[in-house]
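The values are calculated or read from the model by the stated rules, or taken from the named source; none is laboratory data. A quick note: this is a predicted structure, and the numbers were derived from the prediction, not measured. Cβ placement follows ideal geometry from the backbone for every residue including glycine, while neighbour counts extend to all protein chains displayed.
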Amino acid sequence: MKVLDWNDFRCLAGCVAPRREANGRYRTLFRVTLRLHDTASRSVRAFQPITPGQVSVYVCGATVQSVPHIGHMRSAICFDILIRWLETSGYHVTYCRNVTDIEDKILRVAKAEAIPWWALAERNQRAFSRDYDVLGCRPPDVEPQATGHIPEMVALISRLIDGGHAYAAGGDVYFDVRTADGYGSLSGQRLADMRPADDTDGLASKRDPRDFALWKGAKPGEPFWETPWGPGRPGWHLECSAMSTHYLGPEFDIHGGGFDLLFPHHENERAQSNAAGDPFARYWMHNGLVGMSGEKMSKSLGNVLLVADLLTRARPQELRYYLAQAHYRSALEYSPEALGEAAAAYQRIERFVTRAQQALGGPRHGDPSEPRLPISFADAMDDDLAVPAALAAVHAVVRDGNYALTQADAEGVAGCLTQVRAMLSVLGLDPLAPAWQASDSTDRLYRAVEGLVGLALRQREAARGRGDYASADSIRDTLENIGVVVEDTPEGPRWELKR
C-alpha cells in the first residue's frame, strides 16, 4: 500500500515545505485538498479558509439543563475529528464551542428540582466536560458561557434595532423575519410555510407570528439583566451569534452542530447576524443524530442513553469508535449488538498494536507524531471526512501488519505500526495515547475490585447457606468499612461503591 508522507503531500497538494513546530511536529500548509459538505449550498465544496493556513470553527455546544447523552457525544466526536484532521493537514485551528447556561429549559428543570438555575447549569456543565474528556475529545480553545456575554448580546440587538430588523414590544425584543433576505434558505424552507415561533408567550406583541425573540422580558422569580429595553434575559439564538463573532470575528470559516439545530436555531443565527452586517459562517456543517427504535434520542422523549451507562458495556475508546465509525452526516441507530461489533473491531486494531509493540521491543516504536498516512486514508478524510473509508484503510494496514508479524518481518511490522498509529491519532483512537492508557488502568482496577467483591459476596452467600450468619455479617461489615455498600434484593446481592 502506498504511504503518504509529507513530501508526497507537498507534491500532491501544492504545499509549502514543512516546518518543525516547537513541539517537534511538522506543520505544512495546503492549497486545496479538503472538501466539506456545506448545508447552505447543499453540496460538497472545496474548503478554502478566509486566511490561508488558519481555520476558525464554531460549534454549538451544550444546553446544560441535564447531563449529556451519547447523542451529544456523537456531535462532539464528529467535530473533534474535523479539528484533528485540519490540524494534521497543517492548519492552525481556533476552535470555539459554547455553553448555553441560561435558557427556558434550564429554568424549568431548576424550578422542578428546587435548586438555583446557576447551580443546575454548573453541575451539568461539569458532567459534559467529564464526558468530553472520557471520550478523548480535544478541548476547545475557548468555551464561552452565554451569561458571560450579555454586553455583546445587547450591542447586537442595538445594531438590529437601528437597522430596522428588530423591535421592542411588551418587554421583549423580536427579530422581524420579513426584513431578512433569504430567510429559510439555510434549512430549505419558505417563509410562507413556516409555523409561528413559539419561543415566548407574547404572540400578540409580535408584528408577525414567525418573528423570534432576541430578548425576553423578566418574569417573577427568573434571572434578569438590565438593558435599554427593560430587564430580561437573552433569547437562545442571539447567544450564539454574539459569542461566535466575539471570538472568531464577523466572518469565520465553519459553523457546526447537530442536524436538529438547523431550524430554527441556525437559521435564526444566520438571519440575525447577516441582518446586522456580519458575513458570518462560510461553511455550515451538520452531524446526523443518534436514534433508538427509529426515534431521535432526546431528553424530551426520555429515550436517552448516558455515557456512564454505556461505559459499563464498553471501554471509552470502544464507545468512541462506535460513535465515530459512521459518516458524520448519517444517522446512527443504537443497539447493544452494534456497540459490541464496534468494540470487537477496535479490539482487532488494538491487538495488532500491542503485538507489534512487543515484537519490536518496546513502546518507542511507531510514534504517531511521525506523519505517515496511506493515500487511501488521506483521500477518505479529504472527501468530507469519510471516516468509514478511513477506517477501512486502517483495517487494511492492520491486516498487512499481522501478516508481517507471521513472517517475522520487523521492517514491515514497524512500517505498518507507524501508519496505523498515525491514522488512529487523527481519529482520536490510538490505543497507546496517554488518555486511553489511563482509562485502561482505571478499567483494570475496577475489574479487579469487581472480581474481589464478587468473591467476597459468594463467600457470604455460602456462609448464609450453611447457617453461619456471624461470618456472613462479618463479610458484609468488612466490605462496608472499605467503601462497598451491599444491598440484598430478591435477585441476589447488589453492590456499589460509596459516593
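Being within 20 Å of VAL307 (Cβ to Cβ), among the aromatic types (Phe, Trp, Tyr) and surrounded by fewer than 19 Cβ atoms within 10 Å (Cβ to Cβ) is the filter here; which residues of region 96-131 pass it? Correct list: empty. Reported count of residues in region 153-170, each being surrounded by fewer than 18 Cβ atoms within 10 Å (Cβ to Cβ) and in contact with a helix residue (DSSP H, G or I) (Cβ under 7 Å, 6 or more places away or on another chain), is 4.
Going through (1) assigned to a loop (DSSP other than H, G, I, E, B); (2) closer than 23 Å to PRO231 by Cβ one by one, GLY184 falls short only on (2).
Any idea which of GLU222, GLU251 is farther than 25 Å from ALA112 by Cβ and either over 21 Å from the mean Cα position of the chain (by Cα) or without any contact (Cβ under 8 Å) to a residue 12 or more places away in the chain (or both)?
Numbers: GLU222 fails: farther than 25 Å from ALA112 by Cβ.
One residue alone meets the criteria, GLU251.
Here's the yes/no breakdown for (1) at pLDDT below 95; (2) in a strand (DSSP E or B):
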{"residue": "HIS246", "(1), (2)": "no, no"}
{"residue": "HIS255", "(1), (2)": "no, yes"}
{"residue": "LEU262", "(1), (2)": "no, no"}
{"residue": "HIS266", "(1), (2)": "no, no"}
{"residue": "ARG270", "(1), (2)": "no, no"}
{"residue": "ASP278", "(1), (2)": "no, no"}
{"residue": "ALA281", "(1), (2)": "no, yes"}
{"residue": "TRP284", "(1), (2)": "no, yes"}
{"residue": "GLY291", "(1), (2)": "yes, yes"}
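Residues that are outside any helix (DSSP H, G or I), among the small types (Gly, Ala, Ser) and surrounded by fewer than 17 Cβ atoms within 10 Å (Cβ to Cβ) within region 312-364 comprise SER330, ALA331, SER335, GLY361, GLY362, listed in sequence order.
Of these, GLY277, GLY202, GLY257, GLY221, which one is assigned by TED's automatic domain parsing to the domain that holds PRO116 and within 25 Å of LEU385 (Cα to Cα)? Break it down stepwise before answering.
Values: GLY277 fails: within 25 Å of LEU385 (Cα to Cα); GLY202 fails: within 25 Å of LEU385 (Cα to Cα); GLY221 fails: within 25 Å of LEU385 (Cα to Cα).
Unique residue meeting the criteria: GLY257.
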